[in-house]
Amino acid sequence: MPDFDFHLDSPIARGMREFFRLLEVRLELDRPLTIFLAGGMAVHLYTAKRVTTDIDAEFSARVVVPSDLCVQVNLPDGSTEDIYFDSNFSTTLGLIHENYQDDSVPVDLGLQHITLRVLSPVDLAVSKISRLADPDKEDIRDLVLAGLTGADEIAARAEEALGSYIGNTSSLRFNIRNAIEIARKAEKDCRAEAERQTRPTDTGKS
């Protein structure tokens, strides 16, 4: 598995870590608990471009997250927001590969009992396909622009994920095609930017 340079020093990332530290205390944990992180918070750790304050995650054991648990953070624009747990999140409601937990990426938060694992970039992109609202499209684009996944990888993983999906897949296939187009456009933009940076500059000689 490749090493990822997670963005753990941003206000949002620090607020997320503090949330999980407080969760350890509030749950009085005395045994290991693994948290699988998805959603915009996971995208933020990979790219630092997504500004989100809700935590989309699932746990390796049955956990009741205190409804009053939140952490206030100061954002770069001077505003303050609360980091909180999204109790409505569920990986059973959308497209996700059956191996998403096994292929998730560990992140060391230095906590005693909580281990954080972030969905791999390709699984994170695939998880955005079911809804594919504007923020989801931006997330897919940012992951590709960062070189963390690509159109072909997303296409293959999404097709595999369809194999374990129960229900009407026509709308999902439509969204998959759109997601792949977004990824290919991002790849094209990456190539164009790389060519621009390597193109010799005009020295102005006459």
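The values are calculated or read from the model by the stated rules, or taken from the named source; none is laboratory data. These numbers were taken from a predicted model, which means no experiment stands behind them. Reconstructed Cβ throughout: ideal geometry from the backbone, glycine too, with neighbour counts over all protein chains shown. Only protein heavy atoms, including side chains, enter the accessible area calculation; ligands, DNA and RNA are left aside. Shrake-Rupley method; radii C 1.70, N 1.55, O 1.52, S 1.80 Å.
I need every pair where a residue in the stretch 8-20 that is of a type in the set (Val, Ile, Thr) has its Cβ under 7 Å from the Cβ of a residue that is assigned to a helix (DSSP H, G or I) and open to solvent by less than 20 Å² (accessible area, probe 1.4 Å), sequence separation at least 6 or different chains.
ILE12/HIS44
Which condition from (1) without any contact (Cβ under 8 Å) to a residue 60 or more places away in the chain; (2) surrounded by 15 or more Cβ atoms within 10 Å (Cβ to Cβ); (3) of a type outside the set (A, V, I, L, M, F, W, C) is the one that ASP152 breaks?
Among (1) without any contact (Cβ under 8 Å) to a residue 60 or more places away in the chain; (2) surrounded by 15 or more Cβ atoms within 10 Å (Cβ to Cβ); (3) of a type outside the set (A, V, I, L, M, F, W, C), the lone unmet condition for ASP152 is (2).
Write out, first by first residue and then by second, each pair whose Cβ atoms fall under 8 Å of each other, whose residues are 6+ apart or on separate chains, and whose first residue, in the stretch 52-81, is without any contact (Cβ under 8 Å) to a residue 24 or more places away in the chain while the second is open to solvent by less than 60 Å² (accessible area, probe 1.4 Å).
THR80/VAL73
Within the stretch 13-34, does at least one residue satisfy the condition of being modelled with pLDDT of 95 or more and within 30 Å of TYR165 (Cα to Cα)?
Scanning the stretch 13-34 turns up at least one residue that is modelled with pLDDT of 95 or more and within 30 Å of TYR165 (Cα to Cα).
Tell me which helices (runs of 4 or more DSSP H) are completely within the stretch 96-198 and hold 2 or more residues being in contact with a Lys or Arg (Cβ under 6 Å, 6 or more places away or on another chain) and acidic (Asp, Glu), or say none if there are none.
So the answer is 134-145.
Anything in the stretch 57-82 that is under 16 Å from ARG17 (Cβ atoms), open to solvent by less than 40 Å² (accessible area, probe 1.4 Å) and touching a Leu at 6+ places or on another chain (Cβ under 9 Å)? List them, or say none.
Correct list: ALA57, VAL65, LEU69, VAL71.
Mind listing just one residue for me: the one in the stretch 6-28 that is touching a helix residue (DSSP H, G or I) at 6+ places or on another chain (Cβ under 9 Å) and open to solvent by 40 Å² or more (accessible area, probe 1.4 Å) and, of those, nearest to HIS113 (Cα to Cα)?
Per the criteria, the residue is LEU8.
Is at least one residue of the stretch 41-52 in a loop (DSSP other than H, G, I, E, B), in contact with a Gly (Cβ under 9 Å, 6 or more places away or on another chain) and either open to solvent by 60 Å² or more (accessible area, probe 1.4 Å) or not charged (D, E, K, R) (or both)?
yes
Among the candidates LEU145, LEU111, which residue alone is open to solvent by less than 40 Å² (accessible area, probe 1.4 Å), of a type in the set (A, V, I, L, M) and touching a residue at least 40 places away in the same chain (Cβ under 8 Å)?
LEU111
Report, by residue number, each residue of the stretch 166-184 that is under 12 Å from LEU95 (Cα atoms), surrounded by fewer than 16 Cβ atoms within 10 Å (Cβ to Cβ) and of a type outside the set (Lys, Arg).
Matches in the stretch 166-184: ILE166, GLY167, ASN168, THR169, SER171.
Within the stretch 84-108, restricting attention to residues that are open to solvent by 10 Å² or more (accessible area, probe 1.4 Å) and hydroxyl-bearing (Ser, Thr, Tyr), which residue is modelled with the lowest pLDDT?
THR92
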